[in-house]
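Asker: Below is the structure I would like to discuss, written out as structure tokens.
Bear in mind that the values in this text are calculations on the coordinates, not laboratory data. Note that the structure is predicted; figures quoted are calculated from it, not measured. Note: ideal-geometry Cβ built from the backbone for every residue, glycine included; neighbour counts use all protein chains shown.
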Amino acid sequence: MPRVIQVWRRRFYVLALLALSLSAVGMVQLWVNVSRIEAALPLTSLYRERDFSAFFHDLTRLEAALQLAAAVPTEKNYAALDFALDLAALRQRDNIGVYGESGVEGLDAFNRELAAVLARLDTLSASQPPDSAGLSAELERMSALRRELQSLNDALFQSSMEQASRQRTSLGELRQSMSALIVLLGAFGLGLAGLLLRQQRSIRALEQRDGELRAGEAVQRELRERLEKIADNVPGVIYQYRQSVDGRSAYPYASQGIRALFGVSPEEVRRDGNKVLAAIHPEDRERVKESLLLSAQTLQPWNCEYRVARQESPVWVSAYATPQLEGDGSVLWHGYAHDVSRHKAAEDEIRQLAFYDPLTGLPNRRLLMDRLRHALAGHVRGQRHGALLFIDLDNFKTLNDTQGHEYGDHLLCQVAERLVASVRGADTVARLGGDEFVVMLEDLSAGAREAVAAAEAVGDKILLALNSPYTIAGREFHSTPSIGITLFDAADQHIDELLKRADLAMYQAKEAGRNTLRFFDPAMQAEVAAYSALESDLRQALREGQFLLHYQPQLDRGGKATGAEALLRWHHPVRGNIPPSEFIALAERSGLIVPIGRWVLETACRQLAAWAQLPDTAQLTLAVNVSVRQFRHPDFVDLVVGALDRSGADPLRLKLELTESLLLDDVEEIVAKMTRLKQLGVGFSLDDFGTGYSSLAYLKRLPIEQLKIDRSFVRDVLTDPNDAVIARTIIALGQSLGLSVMAEGVETEAQYAFLSRHGCEAFQGFLFGQPKAEWSLLGASPAGSFG
Ligand SMILES: Nc1nc2c(ncn2[C@@H]2O[C@H](COP(=O)(O)O[C@H]3[C@@H](O)[C@H](n4cnc5c(=O)[nH]c(N)nc54)O[C@@H]3COP(=O)(O)O)[C@@H](O)[C@H]2O)c(=O)[nH]1
């Protein structure tokens with residue numbers, strides 16, 4: 001086979017194969033230029049190559065015979081030449097119509113060779129002598145043969161051309177059918193390849209899906225195991241609970257926690273959930289059932305707290321579950337339940353602390369106010385009355401102070417018990433603090449008169465109960481109460497005011513001689529209203545800076561100024577100057593004394609620091625009044641320290657005036673606070689000495705340096721022998737305790753002389769100067785002497 005054809009064939013196959021395989025993997029579209037390839041189709045079957053070699057063989061033979069006849073022109077050689085010619089002509093004749101298109105080229109070559117041989121044959125014929133008859137005949141025959149060969153050759157050429165033309169036609173047809181076949185094959189191959197590809201893809205997808213499914217299953221298995229592990233390890237139980245339409249219940253799933261919580265295993269309740277219900281405290285069981293039923297009906301989440309009965313103490317369980325309606329009508333809850341006993345206990349404790357008095361266990365002020373608010377909200381205006389009884393023990397502070405706190409605490413607890421025993425279970429007995437109790441009576445009666453009678457009856461009962469002797473630590477003790485009563489109905493919306501009314505009535509009872517009860521008199525209402533108005537004015541005064549300080553000089557026996565007392569003044573924008581006696585008590589009761597006292601301290605310290613800059617005032621001390629409530633405030637020491645620091649005042653020049661009433665409460669804490677301030681250099685003076693109750697034992701322990709004789713004794717010191725004795729005793733007491741004694745409210749020279757004669761060393765009063773806004777206005781001489 002010719003090389004070119006072989007190459008073409010190989011290329012075609014390789015190309016076709018490549019195209020098919022590319023198409024099979026979906027990478028290229030099959031495109032085959034058939035017309036190029038068809039030319040290289042195996043035409044060699046039509047190519048009679050061997051026939052041409054036979055021709056050339058004949059020519060070679062003819063050539064040889066020719067050469068021999070030319071060289072040796074014998075008859076024999078001519079005969080051989082004749083035979084060679086004959087043979088060539090014969091073969092030509094046989095093969096006409098056999099050659100294909102490519103055979104034409106071979107035939108051409110053969111004819112060119114043949115023409116050359118025949119030319120030489122003509123030359124040979126012309127060179128032979130004409131007398132050789134046999135030879136001439138032979139030559140004649142050869143010429144005829146030559147002509148025949150020539151014509152045969154022409155015919156052969158013609159036939160070859162026709163044959164070639166036919167072959168071309170059939171080749172064209174073959175090309176077309178081959179193209180169609182190839183296209184068909186290509187298309188089929190493409191389809192097949194696509195199909196294969198698709199199949200391969202689906203197999204791959206299936207394999208992938210299978211892999212994913214397997215992986216998913218593994219993940220799910222792991223997840224399930226993990227969830228079960230979590231569910232079994234969380235404190236509490238995670239469950240599914242089903243209630244069927246026929247009333248049966250079951251736990252299709254319950255974590256292991258169900259054992260600890262309900263004392264049953266998950267297996268036990270898988271088909272029958274009643275064991276869990278049976279474990280619920282009998283008092284809570286119905287409530288649990290009802291709430292479940294409601295959840296099933298409404299398909300709302302179920303949230304319930306209940307107890308699980310235990311031999312020791314019940315366990316509080318908090319359960320939460322969301323219901324889901326099943327196809328068969330049953331309800332399936334997915335839920336979680338856990339032990340909340342500790343939370344409950346903590347809640348109870350917090351509630352107890354927030355709403356109950358730790359000493360007596362009675363409701364505190366907060367709970368009382370809450371119940372009062374509810375009581376008012378529940379009442380229909382004018383239809384039912386209630387009553388508030390404000391109870392204060394008459395001599396509690398004395399008892400507490402002389403006998404100690406424990407004794408006082410015992411008394412308070414016994415009072416609480418007696419109060420509770422004196423009223424109905426629905427009524428409220430509260431302790432506000434200290435020795436103050438409040439009893440709230442509800443639903444007394446529709447009519448005010450009957451309500452008054454009912455409240456009075458309870459009040460009398462309480463009076464009687466609290467008057468009975470108490471036994472504390474084996475000793476008998478007597479205590480009496482003062483009771484203030486006020487009625488309320490739905491019209492009363494201001495619970496603070498209700499308490500104020502009862503409080504005021506209680507003060508009326510105190511003023512009426514104690515150990516009695518008083519009803520709030522509507523005439524007191526004006527006072528209540530005035531108090532309320534004053535309170536809000538005080539707040540405004542603080543905000544708007546309506547306060548100022550006045551200074552009253554304090555002198556030594558020689559009349560030389562040693563310092564001053566800072567006295568608070570309130571310049572009311574409408575009412576003008578309001579004296580402290582009219583608002584200090586209210587400020588104390590409302591708690592406003594704390595911010596007001598803070599302002600006084602800050603201002604006084606700044607004044608001290610300013611005086612320190614001037615020679616005339618640099619040596620002066622400044623006394624500042626401190627109320628009991630202010631001193632008891634936990635931040636009091638820090639407040640003083642802060643005021644000194646901020647102003648730069650010398651602590652040695654600051655004197656705090658405390659009242660005896662301070663000593664009625666928690667002396668230990670008071671001593672500790674005073675000691676801390678004393679260590680900084682701050683001095684203390686005991687104001688209004690002689691008017692209250694002071695235990696000498698405590699007095700000795702206090703880091704005070706001065707006693708101030710109350711001005712009520714000074715006022716009548718010359719006319720009332722008792723006051724004179726008191727004044728002299730205080731002076732003597734001070735001397736024996738190593739304390740200086742100051743007489744306040746000194747208005748006359750005679751008072752001054754008397755007190756001075758009996759050893760009083762320090763003085764303050766109008767005799768030396770009224771309180772003034774500035775030191776310069778006080779009229780002291782440059783040496784600081786007055787009068
Ligand atoms: N907690 C605080 N209490 C304060 C403060 N400022 C004053 N007060 C207390 O108010 C009460 C009344 O005080 P005030 O009306 O200022 O009366 C003082 C003097 O003006 C008055 N005084 C002084 N000398 C005389 C006198 O010769 N005769 C006379 N009739 N009165 C006189 O005495 C009051 C000072 O008393 P005291 O404080 O006991 O030394 C009064 O209890 C003040 O303590 C404050 O900032 N905080």
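Asker: Starting from 0.36 nm per residue, how many nanometres of slack lie between ASN467 and SER781 once their C-alpha separation is accounted for? Write out the running numbers ahead of the final one.
Answerer: On the way: separation 314, 0.36 × 314 = 113.04 nm, distance 6.05 nm.
Here the answer is 107.0 nm.
Asker: Identify, among ASN395, ALA490, VAL439, the residue whose Cα sits farthest towards the positive end of the charge dipole of region 362-520, taking +1 on the Cβ of Lys and Arg and -1 on the Cβ of Asp and Glu, with the dipole about the Cα centre.
Answerer: Farthest towards the positive end: ALA490.
Asker: I need the phi-derived Karplus couplings for region 626-640: 6.51 cos²θ - 1.76 cosθ + 1.60, θ = phi - 60°, integer Hz, Gly and Pro marked x.
Answerer: For region 626-640, the Karplus curve yields 10, 7, 4, 5, 5, 5, 6, 4, x, 8, 4, 4, 4, 4, 5 Hz.
Asker: Going by the alpha-carbon gyration tensor, a ≥ b ≥ c the square roots of its eigenvalues, is region 393-453 rounded (a/c under 1.5) or, if a/c is not under 1.5, prolate (a/b greater than b/c) versus oblate? Write down the numbers at each step before the final one.
Answerer: Details: a/c = 3.66, a/b = 2.55, b/c = 1.44.
Prolate.
Asker: Same structure, new question: Using θ = phi - 60° and the Karplus form 6.51 cos²θ - 1.76 cosθ + 1.60, what ³J(HN,Hα) does each residue of region 245-251 get, whole Hz, x for Gly and Pro?
Answerer: Taking θ as phi minus 60°, the curve returns 5, 7, x, 6, 10, 7, 10 Hz for region 245-251.
Asker: Further question: Quote to one decimal, in nm, the extra length available between ASP638 and ASP666 on full extension: 0.36 nm per residue of separation minus the C-alpha distance between them. Each step should come with its number before you reach the end.
Answerer: On the way: separation 28, 0.36 × 28 = 10.08 nm, distance 1.93 nm.
Full-extension gain reported as 8.2 nm.
Asker: To continue, here is another question. At a Cα cut-off below 30 Å, give the lysines reachable from LYS397, other chains included and same-chain residues fewer than 8 away excluded.
Answerer: LYS461, LYS500, LYS510, LYS655, LYS673, LYS678, LYS700, LYS708
Asker: Work out the FRET efficiency for HIS374 and LYS275 from their Cβ-Cβ distance, taking R0 = 51 Å, and round it to the nearest 0.05.
Answerer: The formula returns an efficiency of 0.80 here.
Asker: Using a 10 Å cut-off on Cβ atoms, rank the peptides 296-303, 684-691 from the highest mean neighbour count down. Before the final figure, lay out each step's value.
Answerer: Values: 296-303: 13.4, 684-691: 21.6.
In decreasing order of mean packing, 296-303, 684-691 become 684-691, 296-303.
Asker: To make sure I understand the rule: partners must be lysines, Cα under 26 Å from the Cα of LYS229, and not fewer than 8 residues away in the same chain. Which ones qualify?
Answerer: By straight Cα distance, LYS229 reaches LYS275.
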